[in-house]
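J.: Handing you a structure now.
Read-outs throughout are calculated quantities, based only on the coordinates presented, and are distinct from any laboratory measurement. Quick caveat, the model's predicted, so the values are computed rather than measured. All Cβ positions, even for glycine, are placed from backbone atoms using ideal geometry, and neighbour counts span all protein chains on display.
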Amino acid sequence: MIDHVYISVSDLKRSSAFYLAALQPLGWKEIGAYESDTPDVPSLFGLCDRVYGSGRAIGASIWLRERNPGETGLYLGLVADSPAEVDAAYTAALAAGGQDDGGSGPRPHFGPGYYAANVTDLDGNRLEIVNKTINPKRPS
């Protein structure tokens, strides 16, 4: 299941207004903005669907981020049911030829109970495998 997608944009303020207007009819709303002061984590603007954070179901989010010079590609967050599943997927991705883009561990700057690992695929696309304690367990 897809948890979140990052979309790299040239103008965060302009794109935030566009996405809020375009997705509002679908029930999406602003989830928040994150102003970064470190080069490893970009400034972000987030939108979420109706169920995000409700505990009723796993919701989805889109995060807009300022595009860095020369940056292309996709950033896709995928749901894991536990930190152990995050670790296993991270290890498997590296074994399959992926590159480390931020090892397994807590990401408290994104919220309590946020545990993730980041890898790049063979073409430089970025994957985040994430477990969030706000998400209910998926049915088996």
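J.: Along the range 133-138, what does the Karplus equation 6.51 cos²θ - 1.76 cosθ + 1.60 (θ = phi - 60°) give for ³J(HN,Hα), rounded to whole Hz, x for Gly and Pro?
T.: Values per residue, Gly and Pro as x: 5, 6, 7, x, 5, 6 Hz.
J.: Still on this structure, I have one more. Can you tell me the FRET efficiency between ASP100 and ALA17 if r is taken as the Cβ-Cβ distance and R0 is 30 Å, rounded to the nearest 0.05?
T.: Numbers: r = 35 Å, r/R0 = 1.18.
In this case the efficiency is close to 0.25.
J.: While we're looking at this one, here's another question. Of all alpha-carbon pairs in the range 2-132, indicate the percentage at a distance above 27 angstrom. Please list the in-between numbers first.
T.: Values: 1598 of 8515 pairs.
The answer is 19 percent, as a whole percent.
J.: Per 0.36 nm of contour for each residue apart, how much would the distance between GLN24 and ALA92 grow if the chain were fully extended, relative to their Cα-Cα spacing? Please report the intermediate quantities before stating the final value.
T.: Working: separation 68, 0.36 × 68 = 24.48 nm, distance 3.76 nm.
That pair, GLN24 and ALA92, stretches by 20.7 nm at full extension.
J.: Sorting THR38, THR133, THR120 on the 10 Å Cβ count, fewest up front, what's the list? Kindly include the intermediate steps, with their values, before the conclusion.
T.: On the way: THR38 7, THR133 11, THR120 17.
With the fewest neighbours first, THR38, THR133, THR120 line up as THR38, THR133, THR120.
J.: Placing +1 at every Lys and Arg Cβ and -1 at every Asp and Glu Cβ, with all other atoms neutral, what dipole size does the chain have around its Cα centre, in debye to the nearest 20? Before the final figure, lay out the partial values.
T.: Numbers: 12 positive and 17 negative charges, 129 e Å.
I would put it at about 620 debye.
J.: While we're on this one: Note the full-extension length gain between SER10 and TYR114 as 0.36 nm times their separation in residues minus their Cα-Cα distance, in nm to one decimal. Let's see the in-between values first.
T.: Details: separation 104, 0.36 × 104 = 37.44 nm, distance 2.75 nm.
Answer, rounded to one decimal: 34.7 nm.
J.: How much mean residue ellipticity at 222 nm does the chain get from its helices, if each DSSP H run of length 4 or more adds -39500 (n - 2.57) and you divide by all residues, to the nearest 500 deg cm²/dmol? Could the numbers behind the result be given before it?
T.: Numbers: 2 runs with 25 residues, N = 140.
Calculated mean residue ellipticity at 222 nm is -5500 deg cm²/dmol.
J.: Would you compute the Debye intensity of the range 70-140 from its alpha-carbon atoms alone, equal scatterers and no solvent, and pass along log10 I(q)/I(0) at q = 0.15, 0.16, 0.23, 0.24 Å⁻¹ to two decimals?
T.: -0.47, -0.54, -0.98, -1.04
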